[in-house]
Amino acid sequence: MRRLVWSLMSVAALALAGCSNSSDSSQTANQGGATAPATTPAAANAVTGTVTLRDAATVSAAAKLELTLVDVSNADATPLATKTVDSANTFPLSFSLEFKPNDVNPAGMYVVKAVLVDGDRHYTPPLQAQVLTKGAPSQVSIQLVAEQTAGEKEFAAFTAVQKQIGGMKISSGTKLEANVSRGWQVFREAGEVKFIREQVDFGDKGFTSTDYAFKDGKPWVVVQQKKASKDAKPTSTERAAWSQDGTLVLKTSEAGGKTSPLGDDAAADLQKQALAILNLATGGKGK
């Protein structure tokens, strides 16, 4: 009987010990889970992405890409990062703009400004690429589109005026010189010369047909076609345009289906011709 009692007591003791060990083990595991530090990703310290061109375009090796990471909600904010990429003519082009996380204002609105400059041509994104704050990502894809050059803007405005000359007041004139026959039409609006169309026959030396546009009495845009004769097809077309301050912003020459830059001397000659015909057609009044 004593042996049985001792055996039962031994079994009970072992059972209690097992429960105790199980409880301690469980408690240790729970305590370990509670005190273990949470795993958090490292704070981002760079905005990355790619830059592409929307339309196929030939960009020269001299092209430069300017990237700026800035808070556009604060006009006085210092950019978080800037970068210039030289010879930016291979696309898509990857970039990384590193910054200090502590410099980021959580309430700010950050964008990556991108401008590709290739000579007179600028490429910019139609939409700003928002990053970092207000749920925006730190990785973006930026698509650039070509802007009109200053010369193209002036020429587009010239074309618009050219379409309106039918509604302007018209006068005409002619002049005969040795081996040269000259005729012109003057188009005025509100008493101001806006447009002059001139044709000059140089005999066996060729023929020119020229459109001159003026602003405030100054040459604005000149388009001159050169031909072998009046009814022949143009052998070349030269274009020049000047901004309001007199800066030459457009100078092109088209011949044989190819367009090339017009020389500064040739552009200056077109400007000189514009002043000469304005003086001739207005009797020196300029209007």
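Expressed as a whole percent, the accessible surface of segment 150-191 that belongs to carbon and sulfur atoms is 52, based on a 1.4 Å probe.
The aspartates and glutamates within cross-link reach of K134, meaning a Cα-to-Cα straight distance under 13 Å and a gap of 8 or more places when in the same chain, are D71.
Where the alpha-carbon atoms of segment 62-188 are placed on the principal axes, they occupy 78, 31, 23 Å, in descending order.
In sequence order, segment 176-191 has phi-based couplings of 9, 10, 5, 6, 9, 10, 10, x, 8, 10, 10, 10, 10, 9, 6, x Hz under the Karplus curve 6.51 cos²θ - 1.76 cosθ + 1.60, θ = phi - 60°, and Gly or Pro positions carry x. Residue-wise HN-Hα couplings along segment 234-244, as the Karplus relation 6.51 cos²θ - 1.76 cosθ + 1.60 with θ = phi - 60° gives them from phi, are x, 8, 7, 10, 10, 10, 9, 9, 10, 6, 4 Hz; Gly and Pro carry x.
Below 8 Å, C-alpha to C-alpha, sequence gap of six or more: please give me the relative contact order for segment 52-98 in percent.
42 percent.
Summarising the amide proton neighbourhood of A81: residues at separation of 5 or more, or on other chains, whose placed amide H is nearer than 5 Å comprise L69. Stokes-Einstein diffusion for segment 132-175, with the hydrodynamic radius set to the Kirkwood value over Cα pairs and evaluated at 4 °C in a medium of 1.567 mPa s, equals 83 µm²/s.
Measuring with a 1.4 angstrom probe and ignoring ligands and nucleic acids, Y123 comes out at about 20 Å² accessible.
For segment 56-181, the relative contact order works out to 20 percent when only alpha carbon pairs closer than 8 Å and six or more residues apart are counted. Under 5 Å between amide hydrogens, built in the peptide plane, is the criterion, and for V131 it picks out Y110, V111, V112 among residues at least 5 positions away or on other chains.
One quarter of the convex hull surface built on the alpha carbon atoms of segment 173-287 amounts to 7.5 nm², the projected area averaged over directions.
Straightening the chain between D245 and S209 buys 10.3 nm, computed as 0.36 nm per residue apart minus the Cα-Cα spacing.
Just list whichever of K194/K226; K169/K194; K194/K287; K233/K258; K205/K251; K64/K258 have alpha carbons separated by over 19 Å in the model shown.
On the way: K194/K226 23 Å; K169/K194 10 Å; K194/K287 9 Å; K233/K258 15 Å; K205/K251 24 Å; K64/K258 26 Å.
Table pairs above 19 Å Cα-Cα are K194/K226; K205/K251; K64/K258.
Normalised by the residues of segment 126-193, what does the relative contact order come to in percent, with Cα pairs under 8 Å and at least six apart?
Values: 44 pairs, mean separation 12.4, N = 68.
Contact order relative to length: 18 percent.
With no solvent and one equal point scatterer placed on each C-alpha of segment 92-163, evaluate the Debye formula and give log10 I(q)/I(0) for q = 0.13, 0.16 Å⁻¹, two decimals. Debye curve over Cα of segment 92-163, log10 I(q)/I(0) at q = 0.13, 0.16 Å⁻¹: -0.56, -0.71. Note on segment 239-287: Cα convex hull, mean projected area over all directions, 4.2 nm². For R121, nonlocal amide neighbours, meaning residues 5 or more places apart or on other chains whose placed amide H falls under 5 Å from its own, do not occur.
Across segment 118-135, coupling constants 3J(HN,Hα) worked out from phi with the 6.51/-1.76/1.60 Karplus curve, θ = phi - 60°, read 9, x, 7, 8, 10, 10, 9, x, x, 10, 6, 8, 7, 9, 6, 9, 6, x Hz, and Gly and Pro carry x.
Evaluated with a Cβ-only charge set (Lys, Arg +1; Asp, Glu -1), segment 89-190 carries a dipole of roughly 400 debye about its Cα centre, given to the nearest 20.
The values are calculated or read from the model by the stated rules, or taken from the named source; none is laboratory data. None of the values given here were measured: they were computed from a predicted structure. Counting neighbours? That spans all protein chains shown, and the Cβs are built from the backbone with ideal geometry, glycine included. For the accessible areas, the whole protein counts, side chains as well, though only heavy atoms, and no ligand, DNA or RNA atoms are used. Shrake-Rupley method; radii C 1.70, N 1.55, O 1.52, S 1.80 Å.
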